[in-house]
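The values are calculated or read from the model by the stated rules, or taken from the named source; none is laboratory data. Just so you know, these numbers come straight off a predicted model, no measurement behind them. Here the Cβ is made from the backbone with ideal geometry for all residues, glycine too, and neighbour counts use every protein chain on show.
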Amino acid sequence: MSKRGPYYKEKDRTPLAEYLVAIRIKRGLTQAEIAKKLKKSRSSICRIERGERQRQCLQGYLLYRLAEAYGASLGEVLKRADWPQLLLIGASEEERKHIIQHLKEIM
């Protein structure tokens, strides 16, 4: 095992994680920049991008903020999130309206 942790295969990434990595790279952003925008640690962003942090932490309010921080489409983020029952937990009223609007568009 390396100093950086257990061996990780990119093929194990979730569709959401793959999308976030691709959009971040396309926009020329670093994990540290995303972390700063979200007021999270870089290691948290790394875990999100590896697909390790899913159902427990990626509730609606964070998905909404991830889309903003990455400069990504909320609709595209929601399409790749595979747990619709958690999308509205912790979201503000405004965030809920945006999430519901985008869910209607993609369903």
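Conditions tested, residue by residue: (1) in a helix (DSSP H, G or I); (2) modelled with pLDDT of 75 or more; (3) touching a Cys at 6+ places or on another chain (Cβ under 8 Å).
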site: Gln54; (1), (2), (3): no, no, no
site: Leu62; (1), (2), (3): yes, yes, no
site: Leu66; (1), (2), (3): yes, yes, no
site: Ile89; (1), (2), (3): no, no, no
site: His98; (1), (2), (3): yes, yes, no
site: Glu105; (1), (2), (3): yes, no, no
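Out of all the residues in the stretch 68-84, which are at pLDDT 85 or above, surrounded by fewer than 16 Cβ atoms within 10 Å (Cβ to Cβ) and in a loop (DSSP other than H, G, I, E, B)?
In the first step, residues of the stretch 68-84 are kept if they are at pLDDT 85 or above; the result is 68-72.
This time we only want the ones that are surrounded by fewer than 16 Cβ atoms within 10 Å (Cβ to Cβ), so: 68, 71.
Across the stretch 68-84, the qualifying residue is only Gly71.
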